[in-house]
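The structure appears right after this line, and notes come after that.
We did not get these values from a lab; they are worked out from the coordinates using the rules stated. Being a predicted model, the structure only gives us computed values, none of them experimental. With ideal geometry, Cβ positions are generated from the backbone for all residues, glycine too; neighbour counts draw on all protein chains shown.
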Amino acid sequence: MVLTPRVFEDDRGCFWESYNQERFAETVGRAVLFIQDNHSVSRRRVLRGLHYQAGLPQGKLIWVSFGTVFDVTVDLRPGSPTFGHWAGMELSADNRRQLWAPEGLAHGFLTLSERAVVNYKVNAPYAPDRERTLLWNDPTVGVAWPLAPGDEPVISAKDRLGLPWDQVEKTILLT
């Protein structure tokens, strides 16, 4: 779900609410209790992801406060109409879009600008023993990362060891 805040601009610059609990709940159709804010700084062509937590999924509200990224989610929720599908969009400080990635989605991004600052709120604690990585270039999922021919992304050793689609744990959400 993409959220676009109301921005108030004048000759001094601009102002907007990056988060309003009541408006957010109205938009997503439920109350979400965020328990942690994260801040990531990356340089051009850094690809982070595709991360998720098995058994303790995190919902994430994501936005970019500096630079531009191509942000990707992959639906790991069996029974969901978009199960196994990916969605990608540009998030930037200029477009001010926010992405709500509910529980059960793998998430990652590719930095398009020289540097980018990605912020996200999460509604479940980080659990290293439950952290999982879906392989960023898994052919079954087929994410179309916006890389020029011959451009190799900068990827951590941990993310290079991500598992292919047929081996990752799919998220089952209890309602």
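Can you grab the distance from the C-alpha centre of segment 125-145 to the C-alpha centre of segment 53-109, Å, no decimals?
11
Work through the residues other than ILE155 whose Cβ is under 15 Å from its Cβ and net out their charges, Lys, Arg +1 and Asp, Glu -1. Mind dumping the intermediate values first?
Values: positive: ARG43, ARG44, ARG45, ARG48, LYS158, ARG160; negative: ASP138, ASP151, GLU152, ASP159.
Taking every other residue near ILE155 into account, the sum is +2.
To check you understand DSSP bridge types, tell me what percent of the beta bridges within the chain (both residues inside) are antiparallel, rounded to 5. Numbers along the way, then the final one.
On the way: 43 of 45 bridges.
Of the beta bridges lying entirely in the chain, close to 95 percent run antiparallel.
How many Å³ per residue does the convex hull of the Cα positions in segment 1-84 occupy? All intermediate terms of the calculation are to be shown ahead of the outcome.
On the way: hull volume 12.7 nm³, N = 84.
So the per-residue hull volume is 152 Å³.
For the chain, with equal point scatterers placed on the C-alpha atoms only and solvent neglected, what are the log10 I(q)/I(0) values from the Debye formula at q = 0.11, 0.19, 0.20 1/Å, to two decimals?
Result of the Debye calculation: -0.46, -1.37, -1.50.
I need the peptides 87-94, 33-40, 71-78 ranked by packing, meaning the mean over residues of other C-beta atoms within 10 angstrom, with the highest value on top. Could the numbers behind the result be given before it?
On the way: 87-94: 16.0, 33-40: 12.1, 71-78: 22.2.
Put in order of decreasing packing, that is 71-78, 87-94, 33-40.
At 7 Å along Cα-to-Cβ for each site, give me the label-to-label distance between ALA144 and ARG44 in nm.
In this crude label model, ALA144 to ARG44 measures out at 2.4 nm.
Once you put a point 7 Å from the Cα of GLN36 and another 7 Å from the Cα of ASP151, both along the Cβ direction, what distance in nm separates them?
3.0
In cubic angstrom, how much convex hull volume per residue do the alpha carbon atoms of segment 94-175 span?
On the way: hull volume 12.6 nm³, N = 82.
Cα convex hull per residue, to the nearest whole number: 154 Å³.
Over segment 35-163, what is the relative contact order in percent, taking alpha-carbon pairs closer than 8 angstrom and at least six residues apart?
Values: 306 pairs, mean separation 51.3, N = 129.
For segment 35-163, the relative contact order is 40 percent.
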